[in-house]
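Read through the structure below, which is laid out as structure tokens, and then see the notes.
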Amino acid sequence: GEELINQIFNKINPDKIAYLSCSQGTLSKDLKYFKSLNYVVKRIQNFDFFPFTKHFETLVFITKKY
């Protein structure tokens, strides 16, 4: 969530982020927040770590926009 993102950014301020999510709702909310911090999505890759279930995970590569 935003609180954890802020803690990380206050210490590191990363240029690149690899964000792994198993919740589409949380992913959507967090990507909007990353956008407000001047980050852009470069690539999205889906994974099925739990076959034969309705769940899948999403890996998003995000970079800082300068």
Determine the per residue accessible area of the chain with all protein chains present and a 1.4 angstrom probe, expressed in square angstrom. 77 Å²
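Where does the chain land at 222 nm, in deg cm²/dmol rounded to the nearest 500, when only DSSP H runs of n ≥ 4 count, each adding -39500 (n - 2.57), divided by all residues? Walk me through the numbers on the way to the answer.
Details: 2 runs with 23 residues, N = 66.
Theoretical 222 nm ellipticity from helices: -10500 deg cm²/dmol.
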Counting only protein heavy atoms, what percent of the accessible surface of the chain is carbon or sulfur at a 1.4 Å probe? 58 percent
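For Cα pairs less than 8 Å apart in space and 6+ apart in sequence, what is the mean separation divided by the residue count of the chain, i.e. the relative contact order in percent? All intermediate terms of the calculation are to be shown ahead of the outcome.
On the way: 80 pairs, mean separation 26.7, N = 66.
Rounded, it is 40 percent for the chain.
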Amide H within-cut-off set for Tyr39, under 5 Å, with H built and near neighbours excluded: Lys65
In sequence order, calculated HN-Hα J values of region 26-33 (Karplus, 6.51, -1.76, 1.60; Hz; x Gly/Pro): 5, 4, 4, 4, 5, 5, 4, 5
To one decimal place, what orientation-averaged projected area in nm² is obtained for the convex hull of the Cα set of the chain? 4.6 nm²
At a 10 angstrom cut-off on C-beta neighbours, averaged per residue, how do the peptides 48-56, 30-38 rank from highest to lowest? 30-38, 48-56
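Could you tally the net charge around Lys64, taking each other residue with its Cβ under 12 Å from the Cβ of Lys64, Lys/Arg +1 and Asp/Glu -1? Don't skip to the end; give the middle numbers.
Values: positive: Lys16, Lys35, Lys42, Lys65; negative: Asp15.
Around Lys64, the charge tally is +3.
The values are calculated or read from the model by the stated rules, or taken from the named source; none is laboratory data. Predicted model, so just to flag it, every value in this text is computed and none were measured. Ideal geometry is used to build each Cβ from the backbone, glycine not excepted, and the neighbour counts take in all protein chains shown. Note: areas computed on protein heavy atoms with side chains; ligands, DNA, RNA excluded. Shrake-Rupley method; radii C 1.70, N 1.55, O 1.52, S 1.80 Å.
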